[in-house]
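To start, the structure itself, in structure tokens.
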Amino acid sequence: MNQNKYAIASAIDGNDIKKLRKQLKLTQKEFAMLANVSEKTVAAWEIKNNEIKGIISSLVKILSENPQIVKDLEIPNLEVPLRLWYMFKNEVCSVIDIDERHKEVKVYNYVKDDIFKAFGVIETPSYDQYINFIVSRCFPKERADMKLILNDLNLPFYDPFLIIEKTEGRMAEDDFWIKIERKK
């Protein structure tokens, strides 16, 4: 017998997936988003009586024993006019909700390493710290060719937020970027 090095079943069945999904109080669509698969895949898994192999076995084991992970990864509904998604490659590092009218900032971090968090060790940044963060994701205002860059971006003047909208806050030799979402 080939012994597995890890205490994870090599295969599960549809009932295991359905039981976990119900335990987590998720719809098939929500579970599909969590597992990074289509809703049709989840539906097919749940009716399958034979073995299901692959990464889903590990995910079911981990989530069964640590259901709080789902809440830890959940993105709250957008309740303010503006949300920034601070990304590293394709991973969500921080979600920043901003109410510019009231100058309020709320941050949700989805990574443990401070270096990947939008504000590092600061869990509750001030509005001024948010502005400094935006400025830090732009080229310097003092840059010699600033007017040429603004012209290339089709911007009439230096405004860090407008620059972020055009560049996604991307910097040279840096895999961090910002996605902007506005409340509809």
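Rounded to the nearest 20, the Cβ-based charge dipole of the stretch 1-40 about its Cα centre (Lys and Arg +1, Asp and Glu -1) stands at 120 debye. Using the Cβ of M87 as centre and a radius below 9 Å, the other residues enclosed give a net charge of -1, where K and R count +1 and D and E count -1. Using a Gaussian network model of the chain in which every pair of alpha carbons under 10 angstrom is joined by a spring, one finds that among E74, E51, E100 the greatest mean-square fluctuation is at E51. Other residues within the sphere of radius under 12 Å centred on the Cβ of A9, judged by their own Cβ, net out at -1 (K and R +1, D and E -1). The residue list L155, A118, A172 was ranked by how far each Cα lies along the charge dipole of the chain toward its positive end, using unit charges on Cβ atoms, and A118 comes out on top. Once the Cβ-Cβ distance of K53 and R170 is raised to the sixth power relative to R0 = 41 Å, the FRET efficiency obtained is 0.60. Rounded to the nearest 20 debye, the dipole size of the stretch 98-184 about its Cα centre is 340 debye, using +1 on the Cβ of Lys and Arg and -1 on the Cβ of Asp and Glu. Here the relative contact order of the chain, from alpha carbon pairs under 8 Å that lie six or more residues apart, stands at 18 percent.
With 24 Å as the limit, the listed pairs K25/K103; K141/K179; K40/K89; K18/K53; K22/K106 have K25/K103; K40/K89; K22/K106 beyond it between alpha carbons. Calculate the spin-label point distance for A7 paired with L155, positioning each point 7 Å from the Cα along the beta-carbon direction, and give it in nanometres. My value for the distance between the label points is 5.3 nm. Taking the C-alpha atoms only, the angle from helix 127-136 to the longest principal axis of the chain is near 90 degrees.
Since every read-out is calculated from the coordinates, none of them should be taken as a lab result. Because the structure is predicted, anything quoted here is derived from the model rather than measured. Note that each Cβ is placed from the backbone with ideal geometry, even for glycine, and that neighbours are counted across all protein chains shown.
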